[in-house]
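Below is one structure, written out as structure tokens; comments come after it.
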Amino acid sequence: MGEIKKSWDEINRKIAQGSAVVITAEEAAAMSKESSPADIAKKVDVVTTGTFGAMCSSGVFINFGHPEPPIRMEKLTLDGVPVFGGIAAVDAYIGATETHPDIPDFGGAHLIEKLISGGSLFLKAQGKGTDCYPRKEIETFIHKDAVNEMIMCNPRNAYQNYPAAVNSTHKTLYTYMGTLLPSCLNINYSTSGCLSPLLNDPFFRTIGTGTPVFFGGAVGSVGWNGTQFNTEKPRNPAGIPLSNAGTLMLIGNAKEMSPEWVRAAYYYKYGTTLYIGIGFAIPVLDEDMAKHVSVRNDQIETTVCDYGLPGHPGISTANYEELMSGTFALNGRNVKTAPLSSYRKARILAEELKQRVISGAFPLSPPVCPLPEHSTVKGLNIRSQALGEEHK
């Protein structure tokens, strides 16, 4: 018998007929303990994934509509939080990590959650006034049903893997990886492990531009590769990068999203961020895909990085079964570990997505175009002040 191969059309026909076998990635991982990739490819048609974690590189484009007389909004705030208005007259971008100038634990993420939840925000805007936009200022309240569009467009979401964080210095560090205690007293990590979307398709065979995505409770799509997309990171034998690699630019209708899957957060002494639920339904096209979608937590490794040293160098590696156990042996002693993402919510999301696929409410379609095969990340080159003077 030859290798099992299925097409997207074949799998979609089975979904339409009600005969498709759809399971979560966690169920596939458990299945792999007793079944080979060939057996899984034969029995399973679709595997659903999920993650619910902090996505700092997120925000919402919003169009307020024109008042009468109209205004070109050049400086504006929502509930006192600055939002970017340098787009067009009444378009703006709410950045999740923008903070209130006087309230450090309140920012753009909270505005986004409040809008999605149906709340109202106080808009205050000014402009210089022009012949076509004579109004110079406006103050009013807005909510999601009163604006034209709310489009969530996130430059970098769903990291393929992310290093765990530790701190070897003698002072506490407050970071985007949470509070890191001195002398390596804790390790923080952020992943949904075997449920994590891009760990189940490590070479982006089924995920690319145009791929449907469970995005904050709505059906969104992959708009492009995310910023800092990196295919050149070292990989383990399972093909999974050992640190932060692929990312996705995601887009979706924020008016259709749910506060269950879009939640604001504040990291103490670091800043605001936005927790978003993201998931993909991955077709099991062949044995190779079956192998990837059934990866287990003990097969997924990440780098443990020291945030107390310049460049955050890697000082160890750990698999997610070890990290999820609550302790990890580092430098001869057991160190407490803690997740920044919610495995429980990722599990619920993957199950919800599973039911949507079975019912036909979530589309399966191949990418319009693939993500880059080769891409790396450059650091910002700090040039001399003299060189800068030459370009003035």
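The values are calculated or read from the model by the stated rules, or taken from the named source; none is laboratory data. On a predicted model such as this, the values are computed, not experimentally measured, just so you know. With ideal geometry, Cβ positions are generated from the backbone for all residues, glycine too; neighbour counts draw on all protein chains shown.
Data for the structure
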item	result
Qualifying strands (runs of 3 or more DSSP E) (wholly inside the stretch 243-298; at least 2 residues being closer than 20 Å to T97 by Cα and modelled with pLDDT of 95 or more)	248-253, 262-267, 271-279
Hits in the stretch 245-270 (condition: crowded, with 21+ Cβ neighbours inside 10 Å and not aliphatic (A, V, I, L, M))	G246, T247, G252, W261, R263
Selection count where residues are farther than 27 Å from I315 by Cβ and in contact with a helix residue (DSSP H, G or I) (Cβ under 7 Å, 6 or more places away or on another chain), scope the stretch 144-178	4
Filtered residue count, the stretch 51-65, keeping only those that are of a type in the set (G, A, S) and either more than 14 Å from G107 (Cα to Cα) or in contact with a Cys (Cβ under 8 Å, 6 or more places away or on another chain) (or both)	4
Test: E10 is at pLDDT 95 or above, of a type in the set (D, E) and touching a Lys or Arg at 6+ places or on another chain (Cβ under 8 Å)	no
Qualifying residue in the stretch 290-299 (condition: under 30 Å from E3 (Cα atoms) and either in contact with a His (Cβ under 7 Å, 6 or more places away or on another chain) or not assigned by TED's automatic domain parsing to the domain that holds T179 (or both))	no
Members of the stretch 299-329 found to be closer than 25 Å to E352 by Cβ and assigned to a loop (DSSP other than H, G, I, E, B), listed by number	I300
From R135, R235, residue being of a type in the set (K, R) and crowded, with 18+ Cβ neighbours inside 10 Å	R135
From K171, K136, K128, residue being of a type outside the set (G, A, S), free of Cβ contacts under 8 Å to residues at least 24 places away in the same chain and out of contact with any Ser or Thr (no Cβ under 9 Å at 6 or more places or on another chain)	K171
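Every residue, every condition in (1) assigned by TED's automatic domain parsing to the domain that holds T172; (2) under 28 Å from S258 (Cβ atoms); (3) basic (K, R); (4) buried (at least 20 other Cβ atoms within 10 Å of the Cβ), yes or no:
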residue: D286; (1), (2), (3), (4): yes, no, no, no
residue: T302; (1), (2), (3), (4): yes, no, no, yes
residue: C305; (1), (2), (3), (4): yes, no, no, yes
residue: S342; (1), (2), (3), (4): yes, yes, no, no
